[in-house]
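Structure first, commentary second.
The values are calculated or read from the model by the stated rules, or taken from the named source; none is laboratory data. Quick caveat, the model's predicted, so the values are computed rather than measured. Here the Cβ positions follow ideal geometry from the backbone for every residue, glycine too, while neighbour counts run over all protein chains shown.
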Amino acid sequence: MKKIFLFLMLFSAVNAVAQKAAKVDSAYYLLDTTCNSSYDNMWETGIEGNLKYYSILCPCLAYGTKPTFAYPKNDEGRILSAEKLPSIKLISLVNLIEKTKLITNKKLSKPNAIFLIEPFGKDYVIHKVGIVPPRKPYKSVDYEIIKQN
Amino acid sequence: MEKFAIALYTNGVRYAPSGAKLQINTNGVKPSAWEEQNCRYYVTCTWITEQNPSCSNTYYSSTDGNEWCYEPESTIGGCYYYWRLVSSVFDRECDMIWVPDPPDGGGGGDGGGGNGDGGSNTDDLTFEFDETLKIREDSLRKYYPCATKLVIDSLLKIQDYANLVQPFTTDLKPDLVWESSAQPWGGSGNNGIYELGVTTPSTLGIGSSATISLNTFMLQNSSQLLIAAASIHETMHAYINFGVANAEYNQSNGFMTTGSWLYGLDSWYNIHGLPTNFSNHYVMIDFYFDKAVSVLAEWDHNGHSLKEYRMAMLYGLNNPGTGVSTSQQNILTAEYNRLLTRGDTIKITDLNTFYGNHLNAAQTAKLPTTGCN
């Protein structure tokens, strides 16, 4: 049985800190996989563990890794009405990749947040996503050197 | 008692010790811990208007219980305003979830259950073996059906081993793929290197999947005991990678401020750029060796001695991989040597004899080549 506790004390502490928190630079990208544009076909999406992930098929980050974003698969996101969409300043795929590169290289001084917006019926759904940090490719090394007599 | 290691832990909380970066006190290490999960995000939005001369400058702030700033009504205060967002400050609220080792899910979502008493909770570590487990072993089975039937499938029926592969057992990712390939197998051309297998983490998605490739020379020439030991060893690489991939994602996105010891430990290793093979083998020696030995003995129905199981599981553990410093090699060797002198002492000559007998084993000890389909 899972026991879930609301961590009220931490919440209060975070609230106190939040008064001094820096402004967050938010970036919004409209991902429409039903579209046939070349940009929208550059994405691969799937579920891994408890995360839904979105990868841009471009080896643009450190170690040749692909920019990959994720959010908990049970996160339903927030509905954004079609009327509201034009009021959001969207960024291009190129700028999204560049921003991801800067974030993962720790080149940005301000906190950053990335949101993916996807079609949802007549409206849209918006998710705040995390960035999968680039990892150096690795193979285990499991040998012994046995000298024959 | 203090010993040389990598990070300092107190009750599962990690920190990088200053001045003595290789010192550790493991007395307080807990196998499980509370973690922040299922975090909900809020934003406090502050808007300003100063464009309407008939109205004074006006600020408007709201925390509306979501992470999206909605423009205020344009007629607040009786004037018509054009609002400009000047700040958005994020905040969050999380559930505290008891995460066992191994965890029962990936990052950012559901965690494990438990009683939260901070003590042992072995009930949470249990995992019911299910014949429908989706360990992808087709590639290995095609050429070595007895390796899958007699080794991998038999290991899956052992609780502690099943716990290690549990994250990979759904129809969805992460996957654990088994295959075979030719790898170095002794001789002067290989400088005496005998490699039993290789684990390669996936570079796709979150990176928590892995492929284990067993050496075809081992499958053809070695004892079933050594093949089983190698399979357990490579599975531990895959499991540790699973923990590392999720830990790095969670930590780099601020989803976790505390962590179960394995998550925290491994992410610490990687964040500080320590060689992965070194940290993997260190974790195996310090935290998983006894469990691996008991799995091997249970798989073998105690047909060999405890010393032989320990020697089989020691294979390759003192190998830190490439790119390690002398001090890191010394640290790993010290941990490895500690295992040699624990209980029934294992001498280097014992190891050489054992490996000699099991790498190129007698026919009766090898995997059969028929009767496994």
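Would you confirm whether or not the range A:91-103 contains a residue that is within 10 Å of another protein chain (Cβ to nearest Cβ), under 30 Å from B:N280 (Cα atoms) and not aromatic (F, W, Y)?
Checking the range A:91-103: at least one residue is within 10 Å of another protein chain (Cβ to nearest Cβ), under 30 Å from B:N280 (Cα atoms) and not aromatic (F, W, Y).
For the range B:175-221, enumerate the residues that are within 17 Å of B:D138 (Cβ to Cβ) and of a type outside the set (G, A, S).
B:D175, B:L176, B:V177, B:W178, B:E179, B:T211, B:I212, B:L214, B:T216, B:L219
Run B:Y239 past the list (1) in a helix (DSSP H, G or I); (2) surrounded by fewer than 24 Cβ atoms within 10 Å (Cβ to Cβ); (3) within 19 Å of the chain's Cα centre (by Cα); (4) not small (G, A, S) and report the number of the one that doesn't hold.
That leaves (2) as the condition not met.
Hey, can you tell me all the residues within the range A:119-132 that are under 15 Å from A:I91 (Cβ atoms) and either more than 9 Å from chain B (Cβ to nearest Cβ) or among the aromatic types (F, W, Y) (or both)?
Across the range A:119-132, there are no qualifying residues.
Condition (residue is within 14 Å of chain A (Cβ to nearest Cβ) and not in a loop (DSSP other than H, G, I, E, B)) applied to the range B:365-373: is it met by at least one residue?
Within the range B:365-373, not a single residue is within 14 Å of chain A (Cβ to nearest Cβ) and not in a loop (DSSP other than H, G, I, E, B).
Given the residues A:L116, A:L90, which is the only one that is in contact (Cβ under 8 Å) with a residue 40 or more places away in the chain and crowded, with 20+ Cβ neighbours inside 10 Å?
A:L116
Would you check which residues across the range B:213-235 are surrounded by fewer than 24 Cβ atoms within 10 Å (Cβ to Cβ) and either within 10 Å of chain A (Cβ to nearest Cβ) or aromatic (F, W, Y) (or both) and list them?
Listed by number, the residues that qualify are B:S213, B:F217.
Which numbered condition trips up B:L339, out of (1) outside any loop (DSSP other than H, G, I, E, B); (2) closer than 23 Å to B:L140 by Cβ?
Condition (2) is where B:L339 drops out.
Please give the strands (runs of 3 or more DSSP E) falling wholly within the range B:157-212 in which 1 or more residues are surrounded by 19 or more Cβ atoms within 10 Å (Cβ to Cβ), at the interface with chain A (Cβ under 10 Å from one of its Cβ atoms) and touching a strand residue (DSSP E or B) at 6+ places or on another chain (Cβ under 6 Å).
B:193-195, B:197-201
Quick test for you: out of A:K66, A:K73, A:K99, pick the one residue that is touching a residue at least 24 places away in the same chain (Cβ under 8 Å), under 12 Å from the mean Cα position of the chain (by Cα) and surrounded by 14 or more Cβ atoms within 10 Å (Cβ to Cβ).
None of the other options fit; the residue is A:K99.
Looking at (1) modelled with pLDDT under 80; (2) within 19 Å of the chain's Cα centre (by Cα); (3) crowded, with 20+ Cβ neighbours inside 10 Å, can you tell me which one B:F127 breaks?
Looking at each condition in turn, B:F127 falls short on (3).
Is it true that some residue in the range B:321-334 is over 30 Å from B:D153 (Cβ atoms), of a type in the set (A, V, I, L, M, F, W, C), within 14 Å of chain A (Cβ to nearest Cβ) and assigned to a loop (DSSP other than H, G, I, E, B)?
Checked the range B:321-334: at least one residue is over 30 Å from B:D153 (Cβ atoms), of a type in the set (A, V, I, L, M, F, W, C), within 14 Å of chain A (Cβ to nearest Cβ) and assigned to a loop (DSSP other than H, G, I, E, B).
Got at least one residue in the range B:324-342 being of a type in the set (D, E) and closer than 19 Å to B:Y194 by Cα?
For the range B:324-342, residues of a type in the set (D, E) and closer than 19 Å to B:Y194 by Cα: absent.
Of the conditions (1) farther than 15 Å from B:N280 by Cα; (2) in contact (Cβ under 8 Å) with a residue 40 or more places away in the chain; (3) more than 15 Å from the chain's Cα centre (by Cα), B:A230 clears all except one; give me its number.
With respect to (1) farther than 15 Å from B:N280 by Cα; (2) in contact (Cβ under 8 Å) with a residue 40 or more places away in the chain; (3) more than 15 Å from the chain's Cα centre (by Cα), B:A230 is out only on (1).
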